[in-house]
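Notes to accompany the following structure.
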Amino acid sequence: MAPICRHLAALSGYVPGEQPHVAGMVKLNTNENPYPPSPRVGEALAAFDWRTLRLYPDPVSSKARERVARVCGCAPEQVFIANGSDEILALFTRAFVEEGGSLGCFSPTYSLYPVLAAIRNAQCKPLPLNGDFTCPMPPPDFSDAFIWTNPNAPTSLLAAPETIAAFAKTYSGILLVDEAYVDFAPADCMALAAAPDNANVLVMRTLSKSYSLAGIRFGYCVGPKPLVDALYVIKDSYNMDAVAQAVGLAALEDAPHMRANVAKILATRERLARTLEARGWTVLPSATNFLFARPPEGVAAADLFAALRAEHVYVRYFPGERTGAWLRITVGSEPEVARLLEALAGQGA
Ligand SMILES: Cc1ncc(COP(=O)(O)O)c(C=O)c1O
């Protein structure tokens, strides 16, 4: 049997959050939306003619591309549609980081990025967040490419778009702003991606969180045509299946439904944050659909995570120096959050 490539032999892949299937569980561990997607998604699925599945799908997802372009204020040629934003991250690394080159990101951040750099046989250069988890300004020649997650995960904090724009101006490489959670935030960087003088910034979003569509794979990014063209050159011929294209388009056409769900989540987020603070937790000011929160003095995050899990209340715990004292808690529905708070109270938290 042929051996695996040498640079991959010791690589452990990305470990996604647990996907348990337990009746009555409270699943607050992978930042899914507790509310269903737009009814238009159901209508699109019901109207979908299964007989057409014998045909290959549109290779460039034209309709979704046009829709995103209209929403983002750019030309369709500046939009790339992908099989989840994870696909964009993988293609970005392949297109803009040479083998042996470097991919910059903050630390802690989304832990897929170092894995993608390793797969590319490139160096991941993590830039430590400040002590208060805010982002330092990366040096202009920090790396060949940089992924700035905004708001950041798992910390939930938003950096000002002006700060990111200032970095983009000085940065010598290609910058990807990962806006997976931006619909829960008060500001975004899309204007930077769509600006006519932009040559080095891509802004990426997903339908997995705010649009309640983690179960189909649909992400997109916007930026200068030459960068977008590079992604189209290297993608799989038919990276978006026909069902995902139809469903994603239907969801994008009902932004008011998404915004109504976001409003409910933001109200629950604030109530949960205030309740935890009243119980002695430290909660970072979240611009996302999750909280990054440190349990009160004397309660270890790792123990709490395990105790909650035993009760089928799932949150996310990231061991490590910077994150090991904290939990990442997805903002669920009101009943889910009530169950969480009850379980926490049972643990003295
Ligand atoms: C920061 C960040 N970027 C990207 C993704 C990937 O999202 P998608 O479901 O579109 O692949 C996630 C998923 O949790 C995320 O947290």
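Values quoted throughout were computed directly from the atomic coordinates according to the rules given, and no laboratory measurement underlies them. Every value quoted in this text rests on a predicted model; they were computed, and no experiment measured them. Note: ideal-geometry Cβ built from the backbone for every residue, glycine included; neighbour counts use all protein chains shown.
Based on this model, can you work out whether Leu202 counts as over 25 Å from Val331 (Cβ atoms), touching a Cys at 6+ places or on another chain (Cβ under 7 Å), in contact (Cβ under 8 Å) with a residue 12 or more places away in the chain and not in a helix (DSSP H, G or I)?
Against the criterion (over 25 Å from Val331 (Cβ atoms), touching a Cys at 6+ places or on another chain (Cβ under 7 Å), in contact (Cβ under 8 Å) with a residue 12 or more places away in the chain and not in a helix (DSSP H, G or I)), Leu202 qualifies.
Could you please tell me which pairs satisfy a Cβ distance under 8 Å, a separation of 6+ or placement on different chains, a first residue in the stretch 46-67 that is more than 25 Å from Ala255 (Cα to Cα), and a second residue that is among the acidic types (Asp, Glu)?
none
Here are Ala191, Ala187, Ala168, Ala160: which of them is closer than 19 Å to Asn130 by Cβ, in contact (Cβ under 8 Å) with a residue 12 or more places away in the chain and not β-branched (Val, Ile, Thr)?
Of Ala191, Ala187, Ala168, Ala160, the one residue that is closer than 19 Å to Asn130 by Cβ, in contact (Cβ under 8 Å) with a residue 12 or more places away in the chain and not β-branched (Val, Ile, Thr) is Ala160.
Here's the yes/no breakdown for (1) crowded, with 17+ Cβ neighbours inside 10 Å; (2) over 20 Å from the mean Cα position of the chain (by Cα); (3) assigned to a loop (DSSP other than H, G, I, E, B):
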| site | (1), (2), (3) |
| --- | --- |
| Pro57 | yes, yes, yes |
| Val71 | no, no, no |
| Ile81 | yes, no, no |
| Ala90 | yes, no, no |
| Gly100 | no, yes, yes |
| Tyr110 | yes, no, yes |
| Tyr113 | yes, no, no |
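Only one of these conditions is not met by Arg339: (1) part of a helix (DSSP H, G or I); (2) under 17 Å from Lys27 (Cα atoms); (3) within 25 Å of the chain's Cα centre (by Cα). Which number is it?
(3)
Among the residues of the stretch 182-200, write down those that are farther than 26 Å from Pro139 by Cβ and either of a type in the set (Phe, Trp, Tyr) or within 12 Å of the ligand (Cβ to nearest atom) (or both).
Passing the criteria: only Phe184.
I need a count of the residues in the stretch 282-300 that are surrounded by 20 or more Cβ atoms within 10 Å (Cβ to Cβ) and either free of Cβ contacts under 8 Å to residues at least 24 places away in the same chain or farther than 24 Å from Pro34 by Cα (or both).
Adding up the residues that qualify gives 0.
Quick grid of which residues meet (1) within 10 Å of the ligand (Cβ to nearest atom); (2) closer than 30 Å to Leu327 by Cβ:
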residue	(1), (2)
Glu98	no, no
Gly104	no, yes
Ser111	yes, yes
Lys125	no, yes
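Looking at Ala214, is it within 26 Å of Glu43 (Cβ to Cβ), out of contact with any strand residue (DSSP E or B) (no Cβ under 8 Å at 6 or more places or on another chain), in a loop (DSSP other than H, G, I, E, B) and of a type outside the set (Val, Ile, Thr)?
When the stated conditions are applied, Ala214 passes them.
Among the residues of the stretch 201-219, which ones are of a type in the set (A, V, I, L, M, F, W, C) and more than 10 Å from the ligand (Cβ to nearest atom)?
Once the filter is applied, which keeps residues that are of a type in the set (A, V, I, L, M, F, W, C) and more than 10 Å from the ligand (Cβ to nearest atom), the stretch 201-219 yields Val201, Leu202, Val203.
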